[in-house]
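Asker: Handing you a structure now.
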Amino acid sequence: MESTSLFATMKPQIATSACLLLLMLQVFSLGESVDENWHQWRGPDGTGVSQTALPPVEWSENENVKWKIAIDGRGTSTPIVWQDKVFLLTAIDTGVKDPSIPDPADQPKTNYFDIKRPNTQHAFVVLCLDRNSGIELWRRVATTKIPHDGAHQDNDFASASPTTDGEYLYCWFGSAGLFCLDLEGNRVWERDLGEVAVESSLGEGCSPVLHDGKLVIVRDHAGQSSIEVLEARTGESLWKRERDERTAWATPCVVERGGMSQIVTAASGWIRSYDLDSGDLLWHCSGLTGNVIPCPVIDGDYVICMSGYQGYAAMAIPLTETGDISGSEKILWKKDRGTPYIPSPLLYDGLLFYNQSNQSILTCLNSKTGDVVFGPERIGQLSNIYASPVGAAGRVYITDRGGKTLVLRRSRELEVLAENQLDDRFDASPALAGRQLFLRGSEYLYCIEAASN
């Protein structure tokens with residue numbers, strides 16, 4: 001009532017300005033801009049960094065846990081955050097069997113890991129939670145079907161992170177389909193892009209990327225690999241290109257350079273750049289190892305790509321070249337040791353942090369020169385690491401599968417600030433927004449926030 005009375009006594013133009021200012025403050029407090037949210041895999045600019053978040057340094061099961069909720073089903077995709085909502089995907093085994101499909105125990109061995117196809121229906125579910133309380137606001141079953149193939153025990157059927165433009169939510173369940181919802185959970189469109197044949201039935205895992213109203217889907221597998229760009233508002237295919245690649249899981253990145261938007265994809269055969277609008281191949285470069293998983297990161301006029309299976313490789317490649325630039329002197333720098341297998345690197349204000357394979361051995365480089373700042377060096381008591389590191393407030397957060405998170409100072413020397421333990425297994429990468437850190441475990445989703453005084 002006080003504010004209404006105040007506006008009533010103002011001159012019209014002053015009252016209008018005050019109302020606009022109040023509206024702007026309200027929008028800002030909700031995190032309207034991309035920088036204040038975590039709208040996609042690897043955060044606002046795809047480097048794993050939030051320049052606005054202020055997450056806590058210390059926590060445990062009994063300290064600085066704002067909320068903790070059980071998540072049914074399985075999913076290793078990172079949750080995303082937009083304003084006051086948290087979105088995440090999960091796949092729930094309903095237990096409803098199809099008698100025409102043999103029980104997994106009775107199926108013959110067809111791949112190296114003896115991974116079998118399920119014979120039960122799975123519900124592919126999109127969840128929306130209240131960011132401040134963890135209360136479930138809505139859930140939608142995108143589809144229910146029996147997966148056409150199995151997945152490694154460390155993978156699942158909901159491993160791709162969703163993405164949003166603040167109006168629509170794009171959810172990719174791989175061979176189970178692509179779905180667009182509004183932020184209230186109403187279905188806008190859906191697409192079946194077909195099934196893929198992942199080598200050794202390891203499961204899918206590449207997340208969609210949204211840029212300038214276009215949705216990018218990369219599918220590198222044992223069949224015909226491809227990259228496809230869709231109109232985000234309608235789901236209509238704009239272009240599709242075949243790729244001569246085997247199985248890889250690296251999420252692409254999009255960058256605007258030279259008056260055009262480039263899609264950079266990393267795979268074992270080639271790192272490629274495509275024109276987002278036309279699909280034309282701009283440049284390509286060889287040099288990575290097999291089973292590429294880490295996503296590329298943009299650093300000025302270069303893109304940094306790396307891999308760490310059956311060898312190590314990292315390189316900083318110019319975005320302004322054309323054609324085949326493999327082995328070119330224009331490549332800024334290369335490395336052949338200590339690079340990650342599953343986690344993506346963290347690029348934080350000129351410092352590039354990455355671990356060796358899936359181990360707790362950390363290296364920090366000057367991203368512009370490739371010079372070693374420190375490492376490789378064993379860090380803390382971390383063991384097996386699948387989650388990618390994140391950074392905010394001058395700190396680096398590294399989480400292992402055993403529930404331990406090491407907090408380091410973003411520094412040119414290795415400085416440990418805290419070592420925190422939770423009672424869950426963590427394969428999904430953290431998300432950051434505001435004063436909160438979101439950690440998705442195999443059983444629970446945690447919201448970590450320092451208690452107010």
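Bear in mind these aren't lab numbers, they're just calculated from the coordinates by the rules spelled out. All figures in this text were calculated on a predicted structure; none of them were measured in a lab. Positions of Cβ are generated from backbone atoms using ideal geometry, with glycine treated the same way; all protein chains shown enter the neighbour counts.
Asker: Residue-wise, which Karplus ³J(HN,Hα) couplings in Hz belong to the stretch 313-318, taking 6.51 cos²θ - 1.76 cosθ + 1.60, θ = phi - 60°, and x for glycine or proline?
Answerer: In residue order, the calculated couplings are 7, 8, 7, 10, 10, x Hz.
Asker: Which Cα, out of 216, 183, 196, lies furthest along the positive dipole direction of the stretch 175-244 (beta carbon charges, K/R +1, D/E -1)?
Answerer: 216
Asker: Turning to a different aspect of this structure: Loop only per DSSP, at most 11 neighbouring Cβ atoms within 10 Å: give me the chymotrypsin sites (Phe, Trp or Tyr not before Pro) in the stretch 57-120, ordered by residue number.
Answerer: Values: sites: 59, 67, 82, 87, 112, 113; in loops: 59, 112, 113.
Qualifying residues, ordered by number: 112.
Asker: Spin-label point model (7 Å from Cα, Cβ direction): what's the residue 366 to residue 97 distance in nm?
Answerer: In this crude spin-label approximation the distance works out to 6.4 nm.
Asker: Helix-derived [θ] at 222 nm for the chain: sum -39500 (n - 2.57) over DSSP H runs of at least 4, divide by residue count, nearest 500?
Answerer: Details: 2 runs with 27 residues, N = 453.
So the helix-based figure for the chain works out to -2000 deg cm²/dmol.
Asker: Let me ask something else about it. Distance cut-off 19 Å, Cα to Cα: go down the list 68/404; 334/368; 145/240; 116/145; 85/214 and report the pairs above it. Walk me through the numbers before you get to the answer.
Answerer: Values: 68/404 16 Å; 334/368 11 Å; 145/240 26 Å; 116/145 16 Å; 85/214 23 Å.
Correct reply: 145/240; 85/214.
Asker: Further question: Is there a quick way to get the dipole size of the stretch 208-341? I mean about its Cα centre, with the Cβ of Lys and Arg at +1 and of Asp and Glu at -1; what is the value in debye to the nearest 20?
Answerer: Working: 13 positive and 18 negative charges, 88 e Å.
For the stretch 208-341, the charge dipole is close to 420 debye.
Asker: Work out how far the C-alpha atoms of the stretch 94-213 reach from end to end along every principal axis, then list the three figures in whole Å, largest first.
Answerer: Result for the stretch 94-213: principal-axis Cα extents of 46, 30, 26 Å.
Asker: Identify, among 258, 269, 328, the residue whose Cα sits farthest towards the positive end of the charge dipole of the stretch 208-341, taking +1 on the Cβ of Lys and Arg and -1 on the Cβ of Asp and Glu, with the dipole about the Cα centre.
Answerer: Ranked along the dipole, the leading option is 269.
Asker: Okay, next question. Out of all DSSP beta bridges in the chain, what portion is antiparallel? Express it as a percent rounded to 5. Present the calculation step by step, with values, prior to reporting the outcome.
Answerer: Numbers: 114 of 119 bridges.
That works out to approximately 95 percent antiparallel.
Asker: Still on this model: Please give the length that would be gained between residue 381 and residue 224 if that part of the chain were fully extended, namely 0.36 nm times their separation in residues minus their C-alpha to C-alpha distance (nm, one decimal). Before the final figure, lay out each step's value.
Answerer: On the way: separation 157, 0.36 × 157 = 56.52 nm, distance 4.21 nm.
Extra length available between residue 381 and residue 224 comes to 52.3 nm.
Asker: Binning at 5 angstrom from zero up to the longest distance, how are the C-alpha pair distances of the stretch 254-375 distributed in percent?
Answerer: The calculated distribution, bin by bin, is 2, 12, 24, 24, 20, 11, 5, 1, 0.
Asker: What is the extension gain from residue 236 to residue 106, computed as 0.36 nm multiplied by their sequence separation minus the C-alpha to C-alpha distance, in nm to one decimal? Before the final figure, lay out each step's value.
Answerer: On the way: separation 130, 0.36 × 130 = 46.80 nm, distance 4.10 nm.
Computed gain between residue 236 and residue 106 is 42.7 nm.
Asker: Given H placed on each backbone N at 1.01 Å, which residues far from residue 225 in sequence or on other chains put an amide H within less than 5 Å of it?
Answerer: Hits under the 5 Å cutoff: 243, 245.
Asker: With the cut-off at 16 Å, report for the stretch 74-160 the share of all Cα pairs above it, as a whole percent. Could the numbers behind the result be given before it?
Answerer: On the way: 2207 of 3741 pairs.
When every Cα pair of the stretch 74-160 is considered, 59 percent fall beyond 16 Å.
Asker: Three principal axis extents, largest first, for the C-alpha atoms of the chain, in Å?
Answerer: If we take the Cα atoms of the chain, the spans are 77, 58, 49 Å.
Asker: What nm value, rounded to one decimal, do you get for the distance between residue 421 and residue 197 when each label is placed 7 Å out toward the C-beta?
Answerer: So the two model labels end up 4.7 nm from each other.
Asker: In nm, to one decimal, how far is the modelled label at residue 114 from the one at residue 324, with both set 7 Å along Cα→Cβ?
Answerer: Those two pseudo-labels are separated by 4.3 nm.
Asker: Would you work out the charge dipole size for the stretch 190-260 about its Cα centre, treating the Cβ of every Lys and Arg as +1 and the Cβ of every Asp and Glu as -1, and quote it to the nearest 20 debye?
Answerer: Numbers: 9 positive and 14 negative charges, 43 e Å.
In total the dipole reaches around 200 debye.
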